[in-house]
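I have placed the structure first, in the form of structure tokens, so that the comments after it can refer back to it.
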Amino acid sequence: MVKRKILKAELRRYIRDTPFTRDELQRLWNRFNQMDIDGRGQLNYQETARVDELRCNPFSARIVYLFSEDGSGELTFQKFINMMSVFSGRTSRQTKAVWAFALWDFDGDDLVGPRDIKKGLHMLANADVKILEDEQDEEKDEQTDIDLEANRKKRVKKHDKTDTLTSEQMNQVLERIAEEIDPEGTGLSFDDFLSIVSRMPDFITNFRMAV
């Protein structure tokens with residue numbers, strides 16, 4: 001299927017309405033079409049998840065849901081540009097905070113409540129476990145059986161049982177973190193959330209995707 005070219009009128013509008021330059025928009029257009037495997041003119045979640053920064057992001061499905069048409073998980077080029085604009089390095093901290101707040105407001109009640117916080121923390125914790133498992137799988141592919149056995153013995157010797165958190169212990173840790181974030185247990189308004197984000201120097205760096 002032949003991919004259509006971006007129209008000049010569209011390009012002018014995107015230059016006006018987004019933080020991207022003409023060259024960056026052309027790269028994003030080419031990138032979008034490369035990911036649009038079936039040539040439908042829109043990306044499903046599996047196609048969008050090929051973006052490197054989403055591939056290892058525990059909130060990837062949530063991000064695509066928020067930016068898609070009616071929460072369908074489908075991204076047109078306009079929606080794709082909207083998503084990339086929010087994650088641009090030129091976008092303000094305030095705008096990024098608005099979308100970060102929406103990511104954590106799972107039930108959509110304009111409040112990051114205790115359940116929202118716990119759900120987000122569990123997603124982050126599970127992502128750390130998945131990353132560790134992936135790294136271990138990569139090690140297995142690169143090492144011989146002898147190397148693996150030697151490393152296994154080293155790990156057993158280095159880490160005793162007290163180093164491994166049980167599911168119950170992990171839940172207790174997450175509960176304590178949730179209490180520190182929201183001591184009153186009443187939830188976070190956007191202003192509360194913005195106050196927390198403003199004390200996070202890495203927030204802008206982490207809330208970013210390369211063009």
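The values are calculated or read from the model by the stated rules, or taken from the named source; none is laboratory data. Quick caveat, the model's predicted, so the values are computed rather than measured. All Cβ positions, even for glycine, are placed from backbone atoms using ideal geometry, and neighbour counts span all protein chains on display.
Annotations
- Pick from segment 172-210, criterion over 13 Å from D116 (Cα atoms) and of a type in the set (G, A, S), ranking: modelled with the highest pLDDT: S195
- Scanning segment 98-122 for residues that are outside any helix (DSSP H, G or I) and within 16 Å of the chain's Cα centre (by Cα) yields D105, F106.
- Any hit, segment 18-30, residues being touching a residue at least 12 places away in the same chain (Cβ under 8 Å), basic (K, R) and under 29 Å from F193 (Cβ atoms): no
- Filter result for N33 (outside the structural domain of H122 (by TED's automatic domain parsing), surrounded by 12 or more Cβ atoms within 10 Å (Cβ to Cβ) and more than 21 Å from the chain's Cα centre (by Cα)): yes
- Segment 171-211, subset charged (D, E, K, R) and exposed (fewer than 11 other Cβ atoms within 10 Å of the Cβ), residue farthest from Q26 (Cα to Cα): E184
- Residue in segment 62-84 that is nearest to L103 (Cα to Cα), counting only those that are among the aromatic types (F, W, Y) and touching a residue at least 40 places away in the same chain (Cβ under 8 Å): F80
- Under the condition of being touching a strand residue (DSSP E or B) at 6+ places or on another chain (Cβ under 6 Å) and in a helix (DSSP H, G or I), the residues counted in segment 44-97 number 1.
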